[in-house]
Amino acid sequence: MPVTTVPLRLTLQGGTQIENVTKLVQQTLTDTRLKAGLVTLFIKHTTASVMIIEDEPGIRADTKTIWDRLVPADPVWQHNTRNPGEDNGHSHLRGQLQGPSLTIPFSDGTLMLGTWQQLVVVDFDTRSRTRDLVVQVMGE
């Protein structure tokens with residue numbers, strides 16, 4: 001089974017920024033010319049995650065709100081107190097909960113996403129960073 005691995009790089013601002021990568025991943029899949037199989041999207045960072053959402057302004061706002069409620073920024077997280085100058089303990093915890101990867105099936109060279117499903121990167125960090133993703137396509 002052929003496997004193609006493509007690195008992608010984004011510059012994000014942090015603060016639970018949501019960046020839609022659906023078209024980028026679909027183009028990467030199209031470039032492989034594979035017709036059916038699986039795409040894995042993986043982010044190589046502990047303070048960012050990938051997820052599937054309905055990408056509209058209300059859900060973007062609600063996503064930020066729910067993360068702020070579930071895992072608030074707090075200077076007394078142990079990561080912050082044990083590492084002078086660090087303020088992103090909550091960013092690591094959010095990344096742990098959401099996870100670094102997704103697997104999406106594809107058929108006829110097209111991601112098999114639902115009508116409203118979009119692939120996004122969520123950057124939980126407290127400052128701007130370059131983010132490295134890996135798109136791995138396995139199929140025929």
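The values are calculated or read from the model by the stated rules, or taken from the named source; none is laboratory data. In this text, all values refer to a predicted model and were calculated from it rather than measured experimentally. A quick note on method: Cβ atoms are made from the backbone with ideal geometry, for glycine too, and the neighbour counts reach across all protein chains shown.
A few remarks follow.
- Just one residue in the set Pro84, Pro57, Pro75, Pro7 is of a type outside the set (D, E, K, R) and either closer than 12 Å to Val121 by Cα or in contact with a helix residue (DSSP H, G or I) (Cβ under 9 Å, 6 or more places away or on another chain) (or both); that residue is Pro75.
- Output for segment 110-140, where each listed residue is in contact (Cβ under 8 Å) with a residue 12 or more places away in the chain, outside any strand (DSSP E or B) and surrounded by fewer than 16 Cβ atoms within 10 Å (Cβ to Cβ): Trp116, Arg127, Ser128, Glu140
- In segment 87-109, the residues that are under 16 Å from the mean Cα position of the chain (by Cα) and part of a loop (DSSP other than H, G, I, E, B): Gly99, Pro100
- Qualifying positions in segment 58-69 - free of Cβ contacts under 8 Å to residues at least 24 places away in the same chain and either not charged (D, E, K, R) or not in a helix (DSSP H, G or I) (or both): Gly58, Ile59, Ala61, Thr65, Ile66
- Qualifying positions in segment 1-30 - touching a residue at least 24 places away in the same chain (Cβ under 8 Å), surrounded by fewer than 16 Cβ atoms within 10 Å (Cβ to Cβ) and of a type in the set (D, E, K, R): Arg9
For (1) surrounded by fewer than 16 Cβ atoms within 10 Å (Cβ to Cβ); (2) without any contact (Cβ under 8 Å) to a residue 24 or more places away in the chain; (3) touching a Lys or Arg at 6+ places or on another chain (Cβ under 7 Å); (4) closer than 21 Å to Gln17 by Cα, each residue gets a yes or a no:
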| position | (1), (2), (3), (4) |
| --- | --- |
| Leu34 | no, no, no, no |
| Val71 | no, no, yes, yes |
| Gln78 | yes, yes, no, no |
| Gly85 | yes, yes, no, no |
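- Residue, farthest from Leu10 (Cα to Cα), within segment 43-65, restricted to residues that are surrounded by 17 or more Cβ atoms within 10 Å (Cβ to Cβ) and hydrophobic (A, V, I, L, M, F, W, C): Ile53
- Residue in segment 34-57 that is modelled with pLDDT of 95 or more, more than 15 Å from Val135 (Cβ to Cβ) and part of a helix (DSSP H, G or I) present: yes
- Within segment 92-106, one or more residues are over 21 Å from Gln13 (Cα atoms), surrounded by fewer than 12 Cβ atoms within 10 Å (Cβ to Cβ) and of a type outside the set (A, V, I, L, M).
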